[in-house]
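Peer 1: My structure is below; once you've seen it, I'll send some questions.
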Amino acid sequence: MGRRKFIAGNWKMNTSRESAVQLARQLAAHLGRVEDVDIALCPPACYLLAVHEEIAGTRLALGAQNMHHEKSGAFTGEVSPVMLCDCHCTHVIIGHSERRQFFGEDDELVNRKIIAALSHNLNPIVCVGESLDQRESGKTMEVVGTQLRHALVGVRPEQLRDVTIAYEPIWAIGTGRVASPEQAEQVHAHLRSVLTSMYGADLSMVIRIQYGGSVKGDNAAGILAQPNVDGALVGGASLKAEEFIAIVLAGVPA
Ligand code: 13P
């Protein structure tokens, strides 16, 4: 199908300046020339520039974990898309479940941020995912489908190519309870069918859908082998160089 795998590390609110630089340096040394997998590092906003210095000139891309949708203004504590570009970001995670859960981000705000990211040439990684309750009551497909449709309102077909979707079941995030490859594939196939209904089959086939939730070096290969799993959005394991390297290498085509 020709979709190149895309592995992104979401460092969340972790690292210090020193450990962020150290981690970026190790990853640049080991992964900086990997050709067959796309890789992005998403450190905390205050370390973006320091990480950029370590990965500049390598194949590692830089992403932010969140952004405001306005260019500038009286929004105390927020970081704008223009600022992220100024700090060399090419990617930004939007609508992570932790943003939705702890910071009240709803589908409408997520959509605004995606539109803003795209208009500044930032590639959004758009997160969707169901809670354990929703899964157990059989609502997974409905929940993720609704999140995806809302997220992409107003996204034009020619912009969709810049979008990555990340399926992150909330019950698998930071819990060590990874979705089985079959569970992930089922939801990914559904998300692709939603994309097909919105944009047609040709376009939906080129959009990458990452899986996120307790991905580690030793479970990555099984998940990444699924036909509709095009990469991973990695939390905890992205903070350990050897784990993240193993995950990336699991994504290299045989
Ligand atoms: P973990 O890999 O720590 O489960 O986190 C997943 C995640 O939320 C990535 O965005």
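Peer 1: For the chain, compute the number of Lys pairs whose alpha carbons are separated by less than 17 Å, excluding pairs fewer than 8 positions apart on the same chain.
Peer 2: 5
Peer 1: Using modelled backbone amide H atoms (1.01 Å from N, in-plane), which distant-in-sequence or interchain residues come within less than 5 Å of A232's amide H?
Peer 2: F6, I7, A8, Y211
Peer 1: Hey, can you grab everything whose amide H is under 5 Å from the amide H of I93? Only 5+ residues off in sequence or another chain; H modelled, so Pro and N-termini drop out.
Peer 2: Here A64, Q65, N66, I125 satisfy the definition.
Peer 1: Right, next: Explain nothing, just the number: dipole magnitude of the chain about its Cα centre with +1 on each Lys and Arg Cβ and -1 on each Asp and Glu Cβ, in debye rounded to the nearest 20.
Peer 2: Numbers: 23 positive and 28 negative charges, 46 e Å.
Value, rounded to 20: 220 debye.
Peer 1: Express the relative contact order of the chain as a whole percentage, based on alpha carbon pairs under 8 Å and six or more residues apart in sequence. Provide the component values of the computation, followed by the final result.
Peer 2: Working: 495 pairs, mean separation 53.6, N = 254.
For the chain, the relative contact order is 21 percent.
Where a number appears in this text, it was derived from the coordinates with a stated rule and is not lab data. Owing to the predicted nature of the structure, the values given are computational and were not obtained by experimental measurement. FYI the Cβ positions are ideal-geometry reconstructions off the backbone, even for glycines, and counts take in every protein chain you see.
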